[in-house]
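Read through the structure below, which is laid out as structure tokens, and then see the notes.
Nothing in this text is a laboratory measurement; each read-out follows from the coordinates by a stated rule. The shown structure was predicted, so the numbers you read here are calculated from the model rather than taken from an experiment. Cβ coordinates were reconstructed from backbone atoms using ideal geometry, including for glycine residues, and neighbour counts include every protein chain displayed.
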Amino acid sequence: MAERRPDRSRPTSFASHNGWDGDFEVFSDFDLPVYVGPSTFQKLPWVTDPAELRSRGVDVAIVGAPFDDAVSHRPGARFGPRAIREANYATGSLHSLQQPGYLEPFEVLNVVDAGDANIVPAMLERGHAMVYRKVHEVAATGAIPIILGGDHSITWPSATAIAEVRRPGSIGIVHFDAHADTAPEDWGQLAGHGTPMRRLIESGAVKGRNFVQVGLRGYWPPVNVFEWMQEQGMRWHFMREIEERGAEAVVADAIGEALDGPDAVYLSLDIDVIDPGMAPGTGTPEPGGMLTREVLRAIRQIVGAVELAGMDVVEVSPPYDHAETTAMAANRAVLEAIGALAAKKAAGRTVRFERVAAAR
Ligand code: MN
Ligand code: MN
């Protein structure tokens with residue numbers, strides 16, 4: 001066999017030959033583009049261990065609830081948490097232009113992504129149990145949970161967990177939705193996504209008089225359901241009231257009604273409160289809704305004014321989401337809440353629920 005000789009025409013280093021040995025900067029995962037690396041919310045650290053949430057003194061923890069076993073119409077919300085996490089082109093240290101002054105929320109507020117509830121498909125009761133356990137575990141560290149749904153049925157276990165960690169009956173709920181979600185049952189299913197608000201009130205987790213709904217419209221629920229709601233002392237604001245009085249005045253009333261007794265508010269945002277022209281990627285779209293900018297402003301208004309106990313953003317169904325507009329609206333809803341909390345912390349106010357730490 002002929003001896004192989006070194007090929008002198010071949011470079012000794014391809015990197016040097018091709019210009020790939022230059023002084024290129026290497027970026028952390030946090031600063032990389034959103035489509036590179038792990039897909040946590042806003043590329044924040046993925047911290048699932050409650051002991052670590054405590055030791056880090058986390059202010060706000062994102063929790064995924066990738067669950068849609070309880071939908072009545074279009075499915076797909078199980079893909080919501082991942083889509084909401086990814087629906088932003090801006091990474092690194094964001095600058096919140098909607099807040100006065102110069103505010104970089106992640107420089108002020110300690111926010112992590114606490115991962116997802118342990119969901120598997122086709123097991124409705126188990127899914128709710130896992131959402132309850134995950135949110136309870138996170139809230140018990142004093143961090144404020146922001147839960148990404150999932151269909152709206154997850155508000156039942158999620159708000160229950162937060163009410164339990166604080167004190168049942170001690171939180172008001174401001175609930176944005178085209179639908180009241182107070183049905184007695186969905187075709188016999190007590191835990192469907194048309195029923196969670198009734199379950200929360202019936203169980204005593206939240207008082208009916210502090211349950212406030214904003215944006216209701218369309219053709220559901222029927223009169224007998226509104227009669228039940230009235231018996232519970234629930235308050236609601238139809239979309240036509242927003243058209244007549246403006247969102248800001250209506251939301252100011254909603255804040256007062258939710259805090260009529262309680263000291264903190266759980267904010268539940270069904271993305272279908274936004275007009276389907278702006279947020280088409282959802283399971284039960286109802287034309288004639290709020291503008292995305294009205295909802296984002298309402299979130300700043302509420303979170304700036306109340307002690308936030310927790311928040312969820314639900315019913316984003318990516319398979320119906322042309323151009324990701326719905327996931328982006330949900331992503332910004334979370335960022336607006338984070339911005340408002342950061343502004344509070346920057347002003348010297350507490351964001352975490354410190355009383356839970358004191359009680360344990
Ligand atoms: Mn809903
Ligand atoms: Mn709805």
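Annotations for the structure displayed:
- Rounded to 10°, Cα long-axis angle of helix 155-166 versus longest principal axis of the chain: 80
- Per-residue Cβ neighbour rank within 10 angstrom, fewest leading, ASP321, ASP31: ASP31, ASP321
- Both radii are taken from the alpha-carbon atoms of the range 43-359; with Rh as the Kirkwood radius, Rg/Rh is 0.93.
- Order of PHE353, PHE41 under a 10 Å beta carbon neighbour criterion, fewest first: PHE353, PHE41
- Estimated from helical segments only, the mean residue ellipticity of the chain at 222 nm is -10500 deg cm²/dmol, where each DSSP H run of four or more residues counts as -39500 (n - 2.57).
- Degrees between helix 292-305 axis and first principal axis of the chain (Cα, 0 to 90, nearest 10): 80
- If you run the Gaussian network model on the chain, springs between alpha carbon atoms under 10 Å, then out of GLU324, GLU315, GLU248 the most flexible one is GLU248.
- A simple spin-label model places the labels of TRP20 and SER39 2.7 nm from each other, with each point 7 Å out along Cα-to-Cβ.
- Summed residue charge, Cβ within 14 Å of GLU248's Cβ, Lys/Arg positive, Asp/Glu negative: -1
- Relative to the longest principal axis of the Cα atoms of the chain, helix 247-258 runs at roughly 70 degrees.
- Note on the chain: dipole from Cβ charges, positive end direction compared against GLY289, TRP20, ALA340; the farthest Cα belongs to TRP20.
- Overall form of the range 190-290 per C-alpha gyration tensor (a/c, 1.5; a/b vs b/c): oblate
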